[in-house]
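See structure below.
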Amino acid sequence: MTIFEGKGVYGAIALGKISVFKRKEASVKRTHVDDIEAEKKRVETAKSKATEQLQEIYSKALKEVGEANAQIFEIHMMMLEDDDYNDSIMSIIETQSVNAEYAIAVTADNFAEMFASMDDAYMQARSADVKDISNRMISCLSGTEGMSDISQEKVIICADDLAPSETVLLDKEKVLAFVTAFGSSNSHTAILARNMNIPAVIGVGEEFLQTAKSGDFMAVDGYTGEIFVNPDEETRSRLEKRQTEDEEKKRLLQELKGKENITLDGKKINIYANIGGVDNIGAVLANDAGGIGLFRSEFLYLESSDFPTEEQQFLAYKKVLESMAGKKVIIRTLDIGADKQVDYFNLAKEENPALGYRAIRICLTRPEIFKTQLRALYRASTYGNLGIMFPMITSVSELEQILAICDEVKKELCADGVMISDKIELGIMIETPAAAIISDRLAPMVDFFSVGTNDLTQYTLACDRQNAAIESFVDTHHEAILRLIEMSAKNAHEHGAWIGICGELAADTSLTETFLRMGIDELSVSPTFVLKVRDAVRHCDLSK
Ligand code: PEP
Ligand code: MG
């Protein structure tokens, strides 16, 4: 048995045979060509073929992993049309009288290097994308396109790394898991894998590639990130047992659908779901969430190449509200900045973006953006049960300004004869220590609080949530964080407001009882955790 360790990006167990993923890579040779024009035509033909393929992959990804994740293939199509990229290929063919494959390969290397050397993490990630599209073009030219065949039985795919297009093309029916030697947990591949519900461990290291052989047996522990090549009997049966337990747990959780979120002593709470876009509604309904506790509206902006219009936003909000058929839908206003960068906002590069110009700070200084979103929200309000929530609040005066802008927008809409629901709840995120500490002042101004434990943890413990190097210093159960939540709950209730938690900690069932004892009224979690949290609530007894 050989053991390797990487990072689990989707927690589950898989046991099965290895299939080493081999790309049918076209080897590129430099050859002299006489007919430059014919060579340039070959590039154009390959480009159309590559675009066609990408269009197909995009449609497949759209169905399987939703619009936000499929978007990478739209970016690939855009990259294929990029003038600098195309000019470089054509000029290499012209000036050196060389074959198209060679010109594309050289251009790919140059562009990949250029992207890799940029400061911005988003641009660095484009390096893999430019290689991906170039390989596709070269494959189209040499007729070697297509992936290595996956055998008929279910297998664990092992690879150096998988390009996003390769991940999405995997036939899920035949894949038990995938393990890669490289890759980061924030890569598109990792995100796609989570969405496709495929157990995955990444970054296992180069040595693993020499050991993993197609046909060998392997056990993957997506919880711990451990990989066992040819596991011994003890390991195999331990993981098989865990896998059976997981399946049994999943089956039992399904039985909780339609049941109440009620403790043994009769206290009821709401369990809602967090979503990033309209595409996630199916998962919310399938997991029987009581509402949507956090719609991260910034994804509408991240998915778009320019500011989404009032009408585009209105249609998205209307759709979510209508689909939830009267259940609560809390839409958070724009939370752009820090890790969520959008080019067209033209935000300056900052030393400390998490402490910088982001979220409500952008909305208050660029009210035209904020007002467009608020108009869309108010217009959509009559289609369901809307709550609007504001992120990154630190002071009373910010909230006063926000409420004044809301009133202004409502008056403008009323003057235009637009109907607005009179039941909209307004709330704020408690995600800065400042907001928790002055929660007694903020509570009388709103209907609800929602604790964003992801940011509250980063700001309270002074630990950048993006920095993997300090993960060991992040104690999510730190007393300081729990005290801030408790303080906020007490202040909310004293002033007639309700309080929920929508950060990742809401799904931590080792804290469910603690939260209930604090008086938390709502927990909002990823759709797949709704039933797990319901189960935890139903096992709590607060009378003891
Ligand atoms: C949070 O900070 O806990 C939160 C829910 O918001 P986000 O993760 O989008 O910053
Ligand atoms: Mg946050």
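Taken one residue at a time, the phi angles of the stretch 284-294 give Karplus couplings (6.51, -1.76, 1.60, θ = phi - 60°) of 4, 5, 4, 9, 6, 6, x, x, 10, x, 7 Hz. Gly and Pro are set to x. From largest to smallest, the equivalent ellipsoid semi-axes obtained for the stretch 74-148 from the alpha-carbon gyration tensor read 20, 16, 10 Å. Backbone amide hydrogens, once placed in the peptide plane, bring CYS540 within less than 5 Å of LEU264, excluding anything fewer than 5 places away on its chain. Could you give the nm distance between label points at LYS349 and SER472, where each point is 7 Å from its Cα heading toward the beta carbon? It works out to 3.1 nm between the two label points.
Neighbours of LEU253, meaning other residues whose beta-carbon lies under 14 angstrom from its beta-carbon, give a summed charge of +1 when Lys and Arg score +1 and Asp and Glu score -1. Near the amide H of MET429, within less than 5 Å, lie the amide hydrogens of PHE390, MET392, ILE393, SER450, all on another chain or at least 5 residues away, with H placed in the peptide plane. Over the stretch 210-326, all Cα pairs binned in 5 Å intervals from 0 give whole-percent P(r) values of 2, 8, 13, 12, 11, 11, 10, 11, 11, 7, 4, 1, 0, listed from short to long. Listed by chain and number, the lysines whose alpha-carbon sits under 25 Å from that of LYS410, ignoring those within fewer than 8 places in the same chain, are LYS318, LYS319, LYS327, LYS328, LYS371, LYS423. Evaluating 6.51 cos²θ - 1.76 cosθ + 1.60 at θ = phi - 60° for every residue in the stretch 390-407, the Karplus couplings come out as 10, x, 6, 6, 10, 8, 5, 5, 4, 5, 4, 5, 4, 5, 5, 5, 4, 4 Hz, glycine and proline recorded as x.
Please compute, over every Cα-Cα pair in the chain, the percentage with a separation greater than 40 angstrom. Counting pairs separated by more than 40 Å, the tail of P(r) holds 32 percent. Full extension of the segment from GLU479 to ILE405, taken as 0.36 nm per residue of separation minus the current Cα-Cα distance, would add 23.0 nm. Among SER543, ALA103, MET137, whose Cα projects farthest towards the positive end of the dipole of the chain, with charges put on the beta-carbon of Lys, Arg (+1) and Asp, Glu (-1)? The listed residue farthest towards the positive side: SER543. Using Cα centres only, tell me the gap between the stretch 32-86 and the stretch 250-312 in whole Å. If you average the Cα positions of each part, the centres end up 35 Å apart. With the simple model of a label 7 Å out from the Cα in the direction of the Cβ, SER510 to GLU494 spans 3.1 nm.
The stretch 383-509: D in µm²/s via Stokes-Einstein (Kirkwood Rh, Cα pairs, 10 °C, 1.306 mPa s)?
Values: Rh = 15.7 Å.
The estimated diffusion coefficient comes to 101 µm²/s.
Send over the semi-axes of the stretch 1-101's equivalent ellipsoid, whole angstrom and largest first, taken as the square roots of 5 times the C-alpha gyration tensor eigenvalues.
In descending order the semi-axes read 37, 21, 12 Å.
Of all aspartates and glutamates in the structure, those lying under 12 Å Cα to Cα from LYS22, and not within fewer than 8 positions of it along the same chain, are ASP149, ASP160, ASP161, GLU166. The amide H of CYS158, built 1.01 Å from its N in the peptide plane, has SER19, VAL20, PHE21, VAL179 as neighbours under 5 Å, considering only residues 5 or more places off or on other chains. Listed values for the stretch 45-50 are Karplus-derived 3J(HN,Hα) couplings in whole Hz (6.51 cos²θ - 1.76 cosθ + 1.60, θ = phi - 60°), namely 5, 5, 5, 5, 5, 4, and x replaces Gly and Pro. Across the chain, Cα pairs under 8 Å and at least six residues apart give a relative contact order of 15 percent. Under a model in which nothing but the beta-carbon of Lys, Arg (+1) and Asp, Glu (-1) is charged, the chain shows a dipole of about 1580 debye around its Cα centre. For ALA38 and ASN86, the FRET efficiency from 1/(1 + (r/R0)^6), where r spans their Cβ atoms and R0 equals 22 Å, is about 0.80.
Within straight-line reach of LYS490, meaning a Cα separation under 19 Å, sit the following aspartates and glutamates at least 8 residues removed in sequence or on another chain: GLU431, ASP440, ASP447, GLU479, GLU513, ASP521, GLU522. Note on LEU364 and GLU245: the model spin-label points, each 7 Å out from Cα along the C-beta direction, lie 4.9 nm apart.
Values in this text are rule-based calculations from the coordinates and carry no lab data. Just so it is clear, the model here is predicted, and its values are computed rather than measured. As a convention, Cβ positions derive from the backbone with ideal geometry for all residues, glycine included, and neighbour counts pool all protein chains shown.
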